[in-house]
Amino acid sequence: MKKILEVKNPIKENQKMRNRTRILNFVMTFLICMSMPLICFAAGEDFFDSFVVELCKWVRRAGMLVMLFGGIKLAMGWHSNTEEEKIQGLKTLVAGGMVIAIASAPDMFGL
């Protein structure tokens, strides 16, 4: 006969999921820790400096894109005359400006 209604124990299922998560976390942590010395000793200072310069350039570009979206949001809020859209547009615009300012001064952070 087939079982019409099969009831699973939620406590056991939760324990299985927690155990799987613990194992996955352990494996990921182990792999990251084992790869750190290879990454740290393989890269020279010139490579790191050029990487930071390129990263800052792309972060600045992303900040400009965020400012563009903020300007569009602000204009759309102005068009529909809703205060909430105007505020969200201004917040997005300012957030993009902050990202650009931070990415423009990597020497401020010792990079």
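Tabulated results
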item	result
Pair list, Cβ < 6 Å and 6+ apart or interchain, from the range 83-107 residues that are in the same structural domain as Val59 (by TED's automatic domain parsing) to residues that are part of a helix (DSSP H, G or I) and of a type in the set (Lys, Arg)	Gln88/Lys73; Gly89/Lys73; Thr92/Lys73; Ile100/Arg60; Ala103/Arg60
Selection within the range 76-111 - of a type in the set (Gly, Ala, Ser), surrounded by 13 or more Cβ atoms within 10 Å (Cβ to Cβ) and farther than 25 Å from Phe47 by Cβ	Gly77, Gly89, Ala95, Gly96, Gly97
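The values are calculated or read from the model by the stated rules, or taken from the named source; none is laboratory data. What you see is a predicted model, and the numbers here were worked out from it, not measured in a lab. Note that each Cβ is placed from the backbone with ideal geometry, even for glycine, and that neighbours are counted across all protein chains shown.
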